[in-house]
Amino acid sequence: MGDLYNILALISLGTTKNDVDRLINALEIISKRNKNKCILNNYSLKQINPIIEKNPRDAYYSEKESIEIENSVDRICGENIMAYPPGIPIISPGEIITREILEYIKVLKKSNAHLTDMLDKELNTILVIKEK
């Protein structure tokens, strides 16, 4: 599991010393290979509290449209967007897409994070609730 700056490696009773040594070796190789490639600089990770406009059920059954992600600020999201791992939604159906959330999604895209659950896998567009 990981985020933009950290990884979490889990070991168990079945993990051998060789497994741990291989993990350490792989991390050292990754570190050496990428030591001059800090793309994120000082991006500050903080809790982004969602603004819920519709409950998830109503959002799920609402009519949706696909729009350019750049034009989605202040619209109601119509789909889940999550980074995996850990697989926790960045935004869910019924929540307002804020500038802060959009910027965070851009940072994740730029860092090549594995984003899942969106209709547009490139995340150039996003599903939003159709305005009446």
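The values are calculated or read from the model by the stated rules, or taken from the named source; none is laboratory data. Since this is a predicted model, take the numbers as computed values, not measurements. Backbone-built Cβ (ideal geometry, glycine too); neighbour counts: all protein chains shown.
Please count how many residues of the stretch 111-122 are at pLDDT below 90 and within 20 Å of residue 67 (Cα to Cα).
0
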Practice task
Could you please let me know if residue 37 is at pLDDT below 95 and assigned to a loop (DSSP other than H, G, I, E, B)?
Solution key: yes
Handout entry: Evaluation of residue 59 against (1) at pLDDT 95 or above; (2) closer than 15 Å to residue 101 by Cβ; (3) among the hydrophobic types (A, V, I, L, M, F, W, C) (one fails), failing number
Key = (2)
Practice task
Sort out which residues of the stretch 13-23 are in a helix (DSSP H, G or I) and surrounded by 10 or more Cβ atoms within 10 Å (Cβ to Cβ), and write them in order of number.
Solution key: 19, 20, 21, 22, 23
Problem - Residue count, the stretch 54-82 (criterion: over 15 Å from residue 126 (Cβ atoms) and either surrounded by 14 or more Cβ atoms within 10 Å (Cβ to Cβ) or aromatic (Phe, Trp, Tyr) (or both)) - result: 3
Exercise for the section: With the checklist (1) part of a loop (DSSP other than H, G, I, E, B); (2) surrounded by fewer than 18 Cβ atoms within 10 Å (Cβ to Cβ); (3) under 17 Å from the mean Cα position of the chain (by Cα) in hand, flag the one item residue 103 doesn't pass. Expected result: (1)
Handout entry: Residues within the stretch 83-128 that are within 25 Å of residue 61 (Cα to Cα) and either of a type in the set (S, T, N, Q) or without any contact (Cβ under 8 Å) to a residue 12 or more places away in the chain (or both), tallied
Key = 8
Completion exercise
Within the stretch 106-132, restricting to residues that are among the hydrophobic types (A, V, I, L, M, F, W, C) and assigned to a helix (DSSP H, G or I), the one that is nearest to the chain's Cα centre (by Cα) is 108
